[in-house]
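The values are calculated or read from the model by the stated rules, or taken from the named source; none is laboratory data. The shown structure was predicted, so the numbers you read here are calculated from the model rather than taken from an experiment. Every residue, glycine among them, receives a Cβ derived from its backbone with ideal geometry; neighbour counts consider all protein chains shown.
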């Protein structure tokens, strides 16, 4: 029981840390955008609205494409998302129900039902954790892996197209501003470290050619 509590504690803490990092990045991006927003004229704001509308349209197209692609492979869109989370979310090629609930942003009992239906379709398999039999890990079967690979190939080019559209969108530049802020802070910290060590490193004199 104690091991189970410790395991759940670390899983919940990792999830909380991930959410906290996302919240910090969102706050930095929002501040960067809001600072620029106050200085924009009506024409610039109208352009941003058009960009957002185009991006939202492309996003809806991608979601529709993903749903149709899943059905053509004889799985539901929810099963595709489940398989994607199992194979890629944790980096272990498996995941616990708690981790899948976080990935899918669904309630625990809803994910349990989704896993059960996927298991009945031969897409996933469940196994009790070797260290704690109360923890259930979910992994893909050979059939699930084949279907996910097929879907991943179909999604690759569509995702690249969507990414290219997002990078041209005005709203994505806020993220670049946030990255610039973080990079500047990192360079400032490096500069302070060099100063504490007695200045920057001197370059070795180049050898003169004969």
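Residues checked against (1) touching a residue at least 12 places away in the same chain (Cβ under 8 Å); (2) touching a strand residue (DSSP E or B) at 6+ places or on another chain (Cβ under 6 Å):
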| residue | (1), (2) |
| --- | --- |
| 104 | yes, no |
| 111 | yes, no |
| 115 | yes, yes |
| 133 | no, no |
| 137 | yes, yes |
| 145 | yes, no |
| 151 | yes, no |
| 163 | no, no |
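On inspection, residue 106 passes the criterion of being modelled with pLDDT of 90 or more and either farther than 24 Å from residue 156 by Cβ or not assigned by TED's automatic domain parsing to the domain that holds residue 161 (or both). In the stretch 138-151, the qualifying residues are those that are touching a helix residue (DSSP H, G or I) at 6+ places or on another chain (Cβ under 8 Å) and assigned to a helix (DSSP H, G or I), and the one that is nearest to residue 60 (Cα to Cα) is 151. Within the stretch 118-131, is there a residue that is part of a helix (DSSP H, G or I), more than 20 Å from residue 150 (Cα to Cα) and either more than 17 Å from the chain's Cα centre (by Cα) or touching a residue at least 60 places away in the same chain (Cβ under 8 Å) (or both)? Checking the stretch 118-131: at least one residue is part of a helix (DSSP H, G or I), more than 20 Å from residue 150 (Cα to Cα) and either more than 17 Å from the chain's Cα centre (by Cα) or touching a residue at least 60 places away in the same chain (Cβ under 8 Å) (or both).
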